[in-house]
Amino acid sequence: MKNLLQDKVAIVTGAGKGLGEAVARAYAAHGAKLVVSDLDPAAARRVAASLPGAIAVACDVREPLEVEALVAAAVEAHGRLDIMVPNAGVASVVPLVQMSYAQWREVLSVNLDGVFLCIRYAAPAMIAAGGGAIVTMASITAQAAVPLIGHYAAAKAGVVSLTQTASVELRAHHIRVNAILPGFIDTDMVKPRKAEFEKMLGLPDFDALVAQKQGRYGTAEEVAKLAVFLASPRAAFSNGAVHVLDGGTRASLL
Ligand SMILES: NC(=O)c1ccc[n+]([C@@H]2O[C@H](COP(=O)([O-])OP(=O)(O)OC[C@H]3O[C@@H](n4cnc5c(N)ncnc54)[C@H](O)[C@@H]3O)[C@@H](O)[C@H]2O)c1
């Protein structure tokens, strides 16, 4: 089914690569007008250049003024805002008892503060447009612990909570807010950290553990398909919900 998002104006943050890039490409394939945003301006430009009608906007989601300007740029370029995907995220691998406050703040500021700022500044523009959809990118670590990423998991649990509050507060404005909770997807966020997990947890092979738990890595395109559904009218009855996409990992004890 094509064009589920025909002429909808969508911002995707962290869209210079990985899941954000896949979501931006899938939204464009379904007829949306994209604002491709990333901390890395060249990455945002590269993705936007390959999508008809898309614009690139550099934005650090930790900075309130930059997020406000991102939303303003979307409205200026495309006339309105219908969809926001606060996807930008970072991770590091460190046990809680060795974690510096700076490491904690870095992950919380991008992964939780950044999502708050995106919702905070996107919602008024979406209210002005008469409604819309926000799709947050949480993680199964919001609901089940993975050692060495306690800051990341706490931020993602916060994203789920923010998703729920926003869904309740914005429902009267016809804005739906839903979260995606992916398992391990083989992006640049995960690839460089496999060796760190192996070393610090004494694991022989991180990929083998993922294969045992998930069956395989998920793909960015699989996450993007769910993000299309949640932003589209097909998901009209989904609001404040967490959508787990993890090959059955969270459901299984063995
Ligand atoms: N890869 C996975 O297994 C996985 C699983 C669950 C959830 N997620 C979540 O999905 C989202 C995307 O992850 P990914 O795997 O594509 O990561 P990635 O590292 O491949 O891409 C992240 C993107 O975010 C951008 N970014 C980083 N800091 C930023 C900032 N301050 N402002 C704006 N942009 C910034 C980066 O430049 C990069 O383009 C993240 O929120 C991540 O936590 C990923």
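The values are calculated or read from the model by the stated rules, or taken from the named source; none is laboratory data. Since this is a predicted model, take the numbers as computed values, not measurements. Counting neighbours? That spans all protein chains shown, and the Cβs are built from the backbone with ideal geometry, glycine included. Keep in mind that these areas ignore ligands, DNA and RNA; they rest on the heavy atoms of the full protein, side chains included. Shrake-Rupley method; radii C 1.70, N 1.55, O 1.52, S 1.80 Å.
Brief remarks follow.
- Residues located in region 42-63, provided they are under 18 Å from the mean Cα position of the chain (by Cα) and either in a loop (DSSP other than H, G, I, E, B) or more than 21 Å from residue 224 (Cβ to Cβ) (or both): 58, 59, 60, 61, 62, 63
- Looking only at region 23-41, residues that are surrounded by 24 or more Cβ atoms within 10 Å (Cβ to Cβ) and within 16 Å of the ligand (Cβ to nearest atom) come to 8 in all.
- Residue count, region 200-230 (criterion: in contact with an Asp or Glu (Cβ under 8 Å, 6 or more places away or on another chain) and open to solvent by less than 50 Å² (accessible area, probe 1.4 Å)): 5
- Some residue of region 84-100 being modelled with pLDDT of 95 or more and in a strand (DSSP E or B): yes
- Subset of region 231-243 that is within 15 Å of residue 168 (Cα to Cα) and in contact (Cβ under 8 Å) with a residue 24 or more places away in the chain - its residue that is most open to solvent (accessible area, probe 1.4 Å): 236
- Leading residue by the ranking (farthest from the ligand (Cβ to nearest atom)) among those in region 100-139 that are surrounded by fewer than 16 Cβ atoms within 10 Å (Cβ to Cβ) and more than 17 Å from residue 66 (Cβ to Cβ): 130
- Scope region 1-30; condition more than 21 Å from residue 66 (Cβ to Cβ) and either acidic (Asp, Glu) or more than 17 Å from the chain's Cα centre (by Cα) (or both); matching residues: 1, 2, 3, 4, 5, 6, 7, 8, 29, 30
- Number of the condition not met by residue 64 [criteria: (1) in contact (Cβ under 8 Å) with a residue 24 or more places away in the chain; (2) out of contact with any Lys or Arg (no Cβ under 9 Å at 6 or more places or on another chain); (3) open to solvent by 50 Å² or more (accessible area, probe 1.4 Å); (4) over 30 Å from residue 201 (Cα atoms)]: (2)
- Restricting attention to region 1-17, the residues that are within 18 Å of residue 110 (Cβ to Cβ) and surrounded by fewer than 22 Cβ atoms within 10 Å (Cβ to Cβ) total 1.
- Qualifying positions in region 182-240 - of a type outside the set (A, V, I, L, M, F, W, C), away from the ligand (no atom under 14 Å from the Cβ), in a loop (DSSP other than H, G, I, E, B) and more than 19 Å from residue 85 (Cβ to Cβ): 202, 204, 205, 215
- Among the residues making up region 1-22, those that are within 12 Å of the ligand (Cβ to nearest atom) and touching a residue at least 60 places away in the same chain (Cβ under 8 Å) are 11, 12, 13, 14, 15, 17, 18, 19, 20, 21, 22.
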